[in-house]
1. Given the options A:Gly162, A:Gly74, name the one that is at positive phi, more than 9 Å from every other protein chain (Cβ to nearest Cβ) and without any contact (Cβ under 8 Å) to a residue 60 or more places away in the chain.
2. Could you please find all residues in the stretch B:101-114 being among the charged types (D, E, K, R) and modelled with pLDDT of 85 or more?
3. From the residues in the stretch A:98-124 that are surrounded by 14 or more Cβ atoms within 10 Å (Cβ to Cβ) and either of a type in the set (Val, Ile, Thr) or over 16 Å from the mean Cα position of the chain (by Cα) (or both), which one is farthest from the other protein chains (Cβ to nearest Cβ)?
4. If I ask for residues that are in contact (Cβ under 8 Å) with a residue 24 or more places away in the chain and more than 17 Å from B:Ile102 (Cα to Cα), which ones from the stretch B:7-45 would you list?
5. Got a number for residues in the stretch A:50-72 being surrounded by fewer than 13 Cβ atoms within 10 Å (Cβ to Cβ) and modelled with pLDDT of 90 or more?
6. Condition (residue is buried (at least 24 other Cβ atoms within 10 Å of the Cβ), assigned to a helix (DSSP H, G or I) and more than 8 Å from chain A (Cβ to nearest Cβ)) applied to the stretch B:172-187: is it met by at least one residue?
7. Among the candidates A:Val81, A:Val67, which residue alone is closer than 30 Å to A:Gly135 by Cα, within 15 Å of the chain's Cα centre (by Cα) and in a helix (DSSP H, G or I)?
8. Take the stretch B:153-169 and flag every residue that is of a type in the set (S, T, N, Q) and assigned to a helix (DSSP H, G or I).
Number of protein chains: 2
Amino acid sequence: MARWAPNARDRLTTAALDLFREQGFAATTVPQITERAGLTTRTFYRHFADKREVLFGHDARAQAQTVLEQAPPGLSTAEFVAWGLRVMATRFEGLREDMRLIQELIDADPGLQERALRKRELLNLIVRDALRDRGLSEQRSRLLADTTVSALYIALDQWLAGDGGVQIDALAVELLASLRADLDGIETA
Amino acid sequence: MARWAPNARDRLTTAALDLFREQGFAATTVPQITERAGLTTRTFYRHFADKREVLFGHDARAQAQTVLEQAPPGLSTAEFVAWGLRVMATRFEGLREDMRLIQELIDADPGLQERALRKRELLNLIVRDALRDRGLSEQRSRLLADTTVSALYIALDQWLAGDGGVQIDALAVELLASLRADLDGIETA
């Protein structure tokens, strides 16, 4: 077995999702995953802390920070949000079947739901930091980050439930525009 | 000991928070709480599932649903949001010291943080249902509920950190107005 395995992370993810599909999440072990992928368990643990973590490897968080730092200059806050949603949405394209399986597994397991909540909170923090770096106040960054991530998650659910004909970021941006309309005239009661 | 204890819930909460303050959360037992309150453990468990639940008894969730159903007619969506924030904020007034203690205890305990996240998710669902009952779409209700609850939580943090001179709902509404400005011109990138 080669010491350096090309695309090890992707191969491990594919092997793991195939096994989860075939025999269920609980019944699948790390040695089974590595055997299927033709890699060592040591390589597995270099990429994932545990079996659960494979389910959260596809998403935008790991790279979100770097990506947000590469935003083109001169964007307004709203343009930056739309740009970030576009970049994050791109990473999900072509992964619809995998994402559906992952969502089913999470829905069926309270432990996974808890981890999913923590992952979402992590993404909130990354977006919040990016907004604060652009000069927004702490509170304003926090609210806009929570709102943007919420719009992304709702759009992802819509995309997973539909026929995939629409773009995730277009759905998210449309939701944010609706939110803006719903908050029209907001003032202290 | 009387079979029917007036204000049992409040007495248990006061006794529990006093003991948490004096000797810490972990060291406090349910029998200690009931002894201090002059009530039976049976009464305790009629009001709270466990010791942790006392920390989440002060907040708006238990009554939020009923309250949201009592909104005056003819409000716009934004007016309904501001009205709901006003009602929820009212319930925290006078509880600033208790809320600070509760926040400190939650910050120090991952198990409590997890429960706090789930409580927040529950409030999200209550607000979402109330908005859907007013005719908003599923997705739109979900985003506006997440956003409104996020604004409430951020405002609560500001209120707890400050001198209490401002009103929670005024802070939340101001944040929502800022969010609206930040989303000005949102469209697909």
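1. Working: A:Gly162 fails: at positive phi.
Result of the check over A:Gly162, A:Gly74: A:Gly74.
2. Let us first name the residues in the stretch B:101-114 that are among the charged types (D, E, K, R), namely B:104, B:107, B:109, B:114.
Within the stretch B:101-114, B:Glu104, B:Asp107, B:Asp109 meet the criteria.
3. A:Ile102
4. B:Ala8, B:Ala37, B:Gly38, B:Leu39, B:Thr40, B:Thr43, B:Phe44
5. Matching residues across the stretch A:50-72 total 1.
6. There is at least one residue in the stretch B:172-187 that is buried (at least 24 other Cβ atoms within 10 Å of the Cβ), assigned to a helix (DSSP H, G or I) and more than 8 Å from chain A (Cβ to nearest Cβ).
7. Working: A:Val81 fails: within 15 Å of the chain's Cα centre (by Cα).
A:Val67 is the lone residue from the list that is closer than 30 Å to A:Gly135 by Cα, within 15 Å of the chain's Cα centre (by Cα) and in a helix (DSSP H, G or I).
8. From the stretch B:153-169, those of a type in the set (S, T, N, Q) are B:158, B:167; that's our starting set.
The answer is B:Gln158, and nothing else.
The values are calculated or read from the model by the stated rules, or taken from the named source; none is laboratory data. Computed from a predicted structure; not experimentally measured. Note that we place each Cβ from the backbone using ideal geometry, even for glycine, and neighbour counts take in every protein chain shown.
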